[in-house]
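One structure below.
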Amino acid sequence: MNTQENNKYIVMEAFDTLFNKRDYVAAERFWSPKYIQHSAVIAPGREGLFGLVRGMPASLAYEHGLIMAEGDFVMVHGRFSGNGPGAPFIAVDIVRLEDGILAEHWDVLQDEATQAGSKSGLPMFGEAFPA
């Protein structure tokens with residue numbers, strides 16, 4: 001497996017461990033203690049991210065779609081659902097890895113449009129609108 005494929009695998013394992021399994025101890029091995037957070041909705045550092053997830057409903061689920069890597073950067077298009085009242089979030093997460101762990105993060109978040117609310121008539125994520 002080349003470095004970029006390995007980086008994509010690491011990011012997917014990290015996201016699954018934190019967002020779906022909610023295994024904070026195991027997640028520590030994926031996120032640097034010096035993790036740099038650029039998101040406007042997440043407090044600084046690894047603990048800011050973990051604290052956000054701890055505060056989410058147990059129904060929170062993450063699924064990834066397109067994933068791309070270039071060098072130490074991985075970009076993932078995904079959906080966060082079960083995150084409480086309101087629409088699921090569609091996210092593009094950009095992660096920089098350093099020595100095989102997540103060192104820095106940027107995101108773009110948007111509420112997922114319903115079919116009625118989509119001017120394009122196409123879903124924002126996957127092949128179908130959410131039920």
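Only the coordinates and a few stated rules stand behind these numbers; no lab work does. Since this is a predicted model, take the numbers as computed values, not measurements. For neighbour counting, all protein chains shown are included, and Cβ atoms are generated from backbone atoms with ideal geometry for every residue, glycine included.
Yes or no, residue by residue, for (1) among the hydroxyl-bearing types (Ser, Thr, Tyr); (2) part of a loop (DSSP other than H, G, I, E, B); (3) touching a Phe, Trp or Tyr at 6+ places or on another chain (Cβ under 6 Å); (4) more than 20 Å from residue 12 (Cβ to Cβ):
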position: 97; (1), (2), (3), (4): no, no, no, no
position: 104; (1), (2), (3), (4): no, no, no, no
position: 107; (1), (2), (3), (4): no, no, no, no
position: 110; (1), (2), (3), (4): no, no, no, yes
position: 113; (1), (2), (3), (4): no, yes, no, yes
position: 118; (1), (2), (3), (4): yes, yes, no, yes
position: 122; (1), (2), (3), (4): no, yes, no, yes
position: 128; (1), (2), (3), (4): no, yes, no, yes
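Hey, does region 37-47 have a residue that's in a strand (DSSP E or B), out of contact with any Ser or Thr (no Cβ under 6 Å at 6 or more places or on another chain) and over 27 Å from residue 127 (Cβ atoms)?
So in region 37-47, the residues in a strand (DSSP E or B) come out as 37.
Right, trim to out of contact with any Ser or Thr (no Cβ under 6 Å at 6 or more places or on another chain) and you get 37.
From the residues that got through so far, the ones that are over 27 Å from residue 127 (Cβ atoms) too are 37.
Within region 37-47 (the criterion being in a strand (DSSP E or B), out of contact with any Ser or Thr (no Cβ under 6 Å at 6 or more places or on another chain) and over 27 Å from residue 127 (Cβ atoms)), the answer is yes, since at least one residue qualifies.
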Practice task
Report yes if residue 76 is outside any loop (DSSP other than H, G, I, E, B), in contact with a His (Cβ under 6 Å, 6 or more places away or on another chain) and in contact (Cβ under 8 Å) with a residue 40 or more places away in the chain, otherwise no.
Solution key: yes
Exercise for the section: Might you check whether a residue that is without any contact (Cβ under 8 Å) to a residue 12 or more places away in the chain and either within 13 Å of residue 97 (Cα to Cα) or buried (at least 16 other Cβ atoms within 10 Å of the Cβ) (or both) occurs anywhere in region 8-16? Expected result: yes
Handout entry: Check on residue 30, within 21 Å of residue 12 (Cβ to Cβ) and of a type outside the set (A, V, I, L, M)
Key = yes
